[in-house]
């Protein structure tokens, strides 16, 4: 069997939600890190209203993979066609199609198709297993969110905090990037382990203290953009109240210094609200709790970054 033979897979799932809702989740790829467990970050490189070019990062078997994908969005047929322009080995070519079909009972049939070639004949089985696992995970995530579409505005929370810093951007970025030093510098960080086998891609495990003195462990993947003064991250192991958490550290320079911004987006885990916050607690309380907890820690980190950067600036 030739290595360049085209292989085809197709996976389908019924989703108990309107087709427009399901299509909307697929079309907005920049939100995929929040909705799909394996996606870490999506950077839109080009967009003309119907076609887009994306750089995507995702986890696979403990590694972070990255590729560029071109997508054509057709809301009329509720389909999204995609092609990887620079696939990673063992894949040598990859394209596919998302299709959302409306059913008479107001549910949807979601189908994901892949066409691909591989580097060597023996690679096909591994790629097929990965595609099957990813398709199952993606469809489960889409189904879980879409079937609660009336609650999405309550389940999804996004916010940011900012601190003004009179120092060069590189001093602020230095503090935020060198997380290996945080246990000695950031009071709410009890333990932190980080590896950076690929430059700019950090895998991090951290124990942080909560307001009541207890600790929780999170694991994250961070993608660093030093020239842009940005670090984006996805928590791959979250506290009980959060089904997903993505964020970004962003340093915005001006004539006199910078504004350092901490952004967070969260999907709440509805079934954990009463278990974590007590009987009778609701999503509104969960939103306030998460907003206060995340905002408190990230704002404290930004103030420490300010002290670090302004001290370096004074020292010349």
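The values are calculated or read from the model by the stated rules, or taken from the named source; none is laboratory data. Just so we're clear, the structure is a prediction, and the values are computed from it rather than from any experiment. Cβ: placed from backbone, ideal geometry, glycine included. Neighbour counts: every protein chain shown.
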| field | Residue selected from segment 172-188 under the condition part of a helix (DSSP H, G or I) and out of contact with any strand residue (DSSP E or B) (no Cβ under 8 Å at 6 or more places or on another chain), by the criterion farthest from residue 208 (Cα to Cα) | value | 174
| said: Looking only at segment 246-275, how many residues end up being under 15 Å from residue 155 (Cβ atoms), touching a helix residue (DSSP H, G or I) at 6+ places or on another chain (Cβ under 9 Å) and free of Cβ contacts under 8 Å to residues at least 40 places away in the same chain? | reply: 3
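Among the candidates 139, 56, single out the residue that is crowded, with 16+ Cβ neighbours inside 10 Å, at pLDDT 90 or above, in contact with a strand residue (DSSP E or B) (Cβ under 8 Å, 6 or more places away or on another chain) and assigned to a strand (DSSP E or B).
Numbers: 139 fails: assigned to a strand (DSSP E or B).
Sole residue among the options that is crowded, with 16+ Cβ neighbours inside 10 Å, at pLDDT 90 or above, in contact with a strand residue (DSSP E or B) (Cβ under 8 Å, 6 or more places away or on another chain) and assigned to a strand (DSSP E or B): 56.
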| task | Hey, can you tell me all the residues within segment 18-43 that are out of contact with any strand residue (DSSP E or B) (no Cβ under 6 Å at 6 or more places or on another chain) and either farther than 23 Å from residue 242 by Cα or surrounded by 14 or more Cβ atoms within 10 Å (Cβ to Cβ) (or both)? | result | 18, 20, 21, 24, 25, 31, 35, 36, 37
| query | Out of (1) within 30 Å of residue 17 (Cβ to Cβ); (2) part of a helix (DSSP H, G or I); (3) within 20 Å of the chain's Cα centre (by Cα), what's the single condition that is false for residue 160? | reply | (2)
| task | For segment 76-91, state whether one or more residues are in contact (Cβ under 8 Å) with a residue 40 or more places away in the chain, over 16 Å from the mean Cα position of the chain (by Cα) and in a helix (DSSP H, G or I). | result | no
| remark: In segment 202-226, anything farther than 24 Å from residue 158 by Cβ and at pLDDT 95 or above is listed as 203, 205, 226
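Looking only at segment 215-225, decide whether some residue is outside any helix (DSSP H, G or I) and over 22 Å from the mean Cα position of the chain (by Cα). Break it down stepwise before answering.
To start, the set of residues in segment 215-225 that are outside any helix (DSSP H, G or I) comprises 215-225.
From what's left, over 22 Å from the mean Cα position of the chain (by Cα): 215.
Yes, that holds for at least one residue.
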